[in-house]
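Okay, so here's the structure we're looking at.
Values in this text are rule-based calculations from the coordinates and carry no lab data. Being a predicted model, the structure only gives us computed values, none of them experimental. Reconstructed Cβ throughout: ideal geometry from the backbone, glycine too, with neighbour counts over all protein chains shown.
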Amino acid sequence: MRIVTLNANGIRAAARKGLFDWLARERADVVCLQEVRAQVDQITAPLFHPRNLHCYYEPAERKGYSGVALFSRREPDAILRGFGSAEFDPEGRYLEARFGPLSIVSVYLPSGSSSPERQQAKVRFMTEFRGHLARLSDAGRQYLLCGDWNIAHKEIDLKNWRGNQKNSGFLPEERAWLDELFGPAGFTDTFREVNELPDQYTWWSNRGQAWARNVGWRIDYQIGTPGLKGAARRASIHKENRFSDHAPLSIDFDLDLGDLR
C-alpha cells in the first residue's frame, strides 16, 4: 500500500504545476492533501476528481484558507469529517477515511509563525488533538495520520535548528508534545522507521534559495498508531518537481488496502 501526503499550498496552483499528472504516475493507493484553499464549487472540474480515484474534500468555511482532501483507489467504508472541535473543525483540518480496521486521515495542524495569537491557537489545537489521539489509541482500530503537523521533532529534522529554538515549529513545548506522542503514547513516526538520514526535509522557505540549498524542515509526517509499528517498508521525499513549498512524502507499507475488510 502506497500513501502520499502533500501540503499543496493551494490545490489549483498545484494542479497548474502538474500535481495531478504526477499523482497518476505515482499510483498511490491513498493521497492526503492539506491546505487545499478552495471551496467545493471551485474544484468541480474533472481535473480535481480524477478517474479511478474516489475524491473527498473538507474545505474551511473561510474562503481561500486551509482545507484538506483525501483520494483513494478503493472506496472507503466510511468518511468522517472533523474530530469534534468547535474551534478547529470549521477550518477544515481533519478528514478520515475508514477501510475495514484501518483509518487513514488527512490532517493539517495550524501554523503559529504568523503571530502570537496564531501560536496560542496552535497550542489549543495541540491540547485538544492530544485528547483525540488518546481516544484513537483506545478505539480498537489502527490509524495512519498523514499531513502537515507544522512541528520539526528533532535537531536532525531541520537544517538551522540552533537558530530556530525560539520559533514556532521547533519550540521546546512543541517538540515535547511529539516526544510524548512517539514515546509513552506509542505512536510511530513511520518515516524514521525506514530512513534515519539527515537532510531529509519536506518544507522550504521561499526566501534565500532555501529549496536549492536544501535548507528545510521535516514537518510532514505519516504517523501510525502502535499496531502499525514495523509496517513501513520504503519512504521517499519527492523533490523532482515543485508543486508547492512542500514536497510530497510517499511511504510504502506492508499492507493491502484491498484485503482490509
A chain fully extended from Ala45 to Lys239 at 0.36 nm per residue, minus the present Cα-Cα distance, gains in nm 67.1 nm
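Taking neighbour Cβ counts within 10 Å as the exposure measure, how do His49, His153 sort from fewest upward? Don't jump to the answer; show the numbers that get you there.
On the way: His49 14, His153 21.
Going from sparsest to densest Cβ surroundings: His49, His153.
Roughly speaking, what is the stretch gain from Asn160 to Ser115, that is 0.36 nm per residue apart minus the C-alpha to C-alpha distance, in nm to one decimal?
Working: separation 45, 0.36 × 45 = 16.20 nm, distance 2.08 nm.
Once the chain is fully extended between Asn160 and Ser115, it gains 14.1 nm.
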Could you calculate the contour length gain from Tyr65 to Arg141, that is, 0.36 nm times the residue separation minus the distance between their Cα atoms, to one decimal place in nm? 24.2 nm
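Mind sorting His246, His238 by how few other Cβ atoms lie within 10 Å of their own Cβ, fewest first?
Working: His246 25, His238 16.
Least to most surrounded, the residues fall as His238, His246.
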Quotient of C-alpha Rg and 2.2 N^0.38 Å, computed over the range 166-261: 1.22
Cα-Cα over 25 Å: which of Lys63/Lys239; Lys154/Lys229; Lys154/Lys239; Lys63/Lys122; Lys122/Lys154? Lys63/Lys239
Give the residues of the range 113-135 whose amide nitrogen is closer than 14 Å to a point set 7 Å from the Cα of Leu80 in the direction of its Cβ. 129-135
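What is the fewest-to-most order of Glu196, Glu174 by other Cβ atoms lying within 10 Å of their Cβ? Please list the in-between numbers first.
Details: Glu196 9, Glu174 23.
Result, fewest neighbours first: Glu196, Glu174.
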Aspartates and glutamates near Lys159 by alpha-carbon distance under 14 Å, same-chain residues fewer than 8 away left out - which ones? Asp199
Within the range 225-252, which residues have the backbone N less than 15 Å from the label spot 7 Å out from Lys17 along Cα→beta-carbon, could you tell me? 238-249
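Provide the three semi-axes, in whole Å and in decreasing order, of the ellipsoid equivalent to the range 1-82 as defined by the square roots of 5 times the Cα gyration tensor eigenvalues. Let's see the in-between values first.
Numbers: eigenvalues 69, 48, 25 Å².
The three semi-axes for the range 1-82 are 19, 15, 11 Å.
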P(r) weight above 14 Å for the range 91-165, C-alpha pairs, percent: 70 percent
Run through every distinct alpha carbon pair of the range 87-216 and return the Kirkwood hydrodynamic radius in angstroms, one decimal place. 16.0 Å
